[in-house]
Amino acid sequence: DVLDPERFIQCPLVKHHRIRARRFPYHLVKCKESNPEIAKKLATCPFNARHLVPSADLSDHIMKCNDKAFMEQDVVSCSCEPPQEQLNNGSVWQAPPCDEDWETELLEASKSTFVW
């Protein structure tokens, strides 16, 4: 939890497990391994892997998930097309000048004697 990493969160697999928010992702991995039968009955939210809900309730959770808004906001703000001014003017990026001369470096390296 970004707001309070010391806050306790209840484990969705074993209800009497209470874990600090900063350790929660690690706990989920271990708890899933320790409780495979319970883990089979739970589904992972596509917006936040920390959200484990009963498989039957997944569609309802997806509709109400708070993290869905963040994902939708990212999708809307990311545009696949470059700005129109960049299309008109061409690329604005230019390669930096190259100061390397590999042939000269190779000749200099072959003249020096290697000493162990």
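The values are calculated or read from the model by the stated rules, or taken from the named source; none is laboratory data. Note that the coordinates shown come from a computational prediction; the quantities given were computed from them, not determined experimentally. Virtual Cβ from ideal backbone geometry, glycine too; neighbours counted across all protein chains shown.
Scan the stretch 45-66 for residues that are farther than 15 Å from I9 by Cβ and either exposed (fewer than 14 other Cβ atoms within 10 Å of the Cβ) or assigned by the TED database to the domain that holds E6 (or both) and jot them down.
Listed by number, the residues that qualify are P54, S55, A56, D57, S59, D60, M63, K64.
Looking at (1) in contact with a strand residue (DSSP E or B) (Cβ under 6 Å, 6 or more places away or on another chain); (2) farther than 22 Å from M63 by Cα, which is the only condition R7 fails?
Of everything listed in (1) in contact with a strand residue (DSSP E or B) (Cβ under 6 Å, 6 or more places away or on another chain); (2) farther than 22 Å from M63 by Cα, R7 misses just condition (1).
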